[in-house]
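*Asks:* Pasting a structure below so you can have a look.
The values are calculated or read from the model by the stated rules, or taken from the named source; none is laboratory data. Since we're looking at a predicted model, the values are computed, not measured. Calculation scope for accessible area: heavy atoms of the full protein, side chains included, ligands and nucleic acids excluded. Shrake-Rupley method; radii C 1.70, N 1.55, O 1.52, S 1.80 Å.
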Amino acid sequence: ATNSAVICESGHTFKANYNKSNFEGGGFALNDCSVGIVPETFECTQNYAADKGGGAAFVDCKDGTFRVRGVAFTNNSAGNYGGGIYLYKVRTNVFYSDDDFRFVTISGKKEGYTYSAGKDGGGMYISNCAPAFNPDDFPNNPNKKATVSLYEMNINNCSAGGNGGGICVVATPSLKVS
């Protein structure tokens, strides 16, 4: 849905889904949303996106943010990009929140598949993300260029046929990893 907020409730599981279309997201896809929030106790496992990417999740929040905390993305695979998560044009901002990605686990590949991602970003593929604000408007912000923030993440046993077995970052000004 265009310019909508998507908030997933706790306790949900996306398991063993197969997206064989020419689109993204094996477990779920958020396209052109303004806010996407995935809370704790949410599981996305054994999903597959055959074509473009995002084995577990594809997220396109062109004018918004995406936050996920305490979630397990396990044993997901994608034909091309982002075996676990594919972030595309997400606008995140460390100035407003330090919880964009916190306590997240991305691990493994779907059984029977050679790679977590056939091309790039076995765990995560981050593409064309940019600041959600004009950095000059916030002169006291020490993280003016931070766009995607990863805190206390575990990316384990992921692989890619091309670049970045764990994470591949493309056309994104900066990435903050703590």
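*Asks:* With a 1.4 Å probe and every protein chain left in place, tell me how much accessible area M153 has, in Å² to the nearest 10.
*Replies:* M153 has an accessible surface of roughly 40 Å² with all protein chains in place.
*Asks:* Still on this structure, I have one more. With 19 Å as the limit, write out which pairs from K52/K110; K52/K176; K110/K176; K52/K119; K119/K176; K52/K109 have Cα-Cα distances beyond it, or answer none.
*Replies:* Those over the limit are K52/K176; K110/K176; K119/K176.
*Asks:* I'd like the accessible area for K110, computed on protein heavy atoms only with a 1.4 Å probe and all protein chains in place. Round to 10 Å², please.
*Replies:* Approximately 40 Å² for this residue.
*Asks:* Please calculate the 1.4 Å probe accessible area of T13, with all protein chains present, and give it to the nearest 10 Å².
*Replies:* 80 Å²
*Asks:* Need the full-extension length gain, T13 to V177, defined as separation in residues times 0.36 nm minus the C-alpha distance. One decimal, nm.
*Replies:* This chain segment gains 56.4 nm when fully extended.
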